[in-house]
1. Residue 70: in a helix (DSSP H, G or I), surrounded by 15 or more Cβ atoms within 10 Å (Cβ to Cβ) and in contact (Cβ under 8 Å) with a residue 40 or more places away in the chain, yes or no?
2. Checking residue 219 against (1) under 17 Å from the mean Cα position of the chain (by Cα); (2) surrounded by fewer than 19 Cβ atoms within 10 Å (Cβ to Cβ); (3) among the acidic types (Asp, Glu), only one condition comes out false. Which one?
3. Here is a list: 150, 184, 120. Which entry is in a helix (DSSP H, G or I) and in contact (Cβ under 8 Å) with a residue 24 or more places away in the chain?
4. Of these, 239, 268, 225, 209, which one is surrounded by fewer than 16 Cβ atoms within 10 Å (Cβ to Cβ) and modelled with pLDDT of 95 or more?
5. How many of the residues in region 43-67 are under 15 Å from residue 157 (Cβ atoms) and crowded, with 21+ Cβ neighbours inside 10 Å?
6. Please state which of the following conditions residue 83 fails to meet, knowing it meets all the rest: (1) assigned to a loop (DSSP other than H, G, I, E, B); (2) touching a Lys or Arg at 6+ places or on another chain (Cβ under 9 Å); (3) of a type in the set (Val, Ile, Thr).
7. Looking only at region 96-114, filter to residues that are in a strand (DSSP E or B) and more than 13 Å from the chain's Cα centre (by Cα); which one of those is farthest from residue 203 (Cα to Cα)?
Amino acid sequence: MNRFKLGFVFGLFLLALACNNDDGEVFSPFFSWKDDVQLGHQVNDQIRNDTTGQFPILDEDSFPEAYGHIRRILNTVLESSEIRYKDRFAYDSIKIINDNVLNAFATPGGYIYVYTGLIKYLDSEDHLAGVIGHEVAHAERRHSIKQMEKQYGFALISAVILGNDPSLLAEIVASLAGTLGTLKFSRDNEAESDDYSVRYLSSSDYACNGAAGFFRKLEDEGRCNESGEWLSTHPDPCNRVEAIDNKAGDLGCKTTDLDPGSYQDFINSLP
């Protein structure tokens, strides 16, 4: 077989791996979901052991009511039959970061972090559920590790997973959190996460287009082009409302927000 044919066949092989199998499993060309778990564990340890004050995680023992609210919202999202890695990823390790920025992020393996600034900015529990659903989708669809493959390459990511490159691990943490803005998701990744957020919420009591509420508020306030942590890693925030609403229309799911009273209780439970 000549080099051209060999390269073509190898390319098709990688393309097949990058797609889903018949059972819906999400593949990466070089890494399994177990590698997501290992990498996520490494990233999570780096964040929890940070001594620079970059990640002021809200103490759960001191703010049990706030964590009760956020876990209730997350668990409702995770009730969706669309969630494949519920028992494999570390979703129950969700943490709140006490910082007044509009940010939330998920690591490979499902460690989710939500900032108090974002929680207080949103107008309803449905909108936060939509954002959390969006971050769950990034983990479920394995977007982070796929972007890392493109940015750093197989060898470097493997070294991080094996614990052999702490300096790159620190860079990956900063990228995921948006502080460097280097791990930007593609428009396709963003569209897919928006799509799955609607699907996750469609079987719940939340407005299934909840994520659109966040983007709509940014648009109404003229903040679409603002430089910020979440905005730097999630491009085109104000060009996605229509697509989210259209997906909700296609599914015929509920688009009316819940009573805002319980969400105000959540906000009041924060420092």
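1. yes
2. The number of the failed condition is (1).
3. 120
4. None of the other options fit; the residue is 268.
5. Adding up the residues that qualify gives 1.
6. Result: residue 83 passes all but (2).
7. Looking at the filtered set, the residue picked out is 97.
The values are calculated or read from the model by the stated rules, or taken from the named source; none is laboratory data. Treat the numbers as computed from the prediction; the structure is a model and nothing was measured. Here the Cβ is made from the backbone with ideal geometry for all residues, glycine too, and neighbour counts use every protein chain on show.
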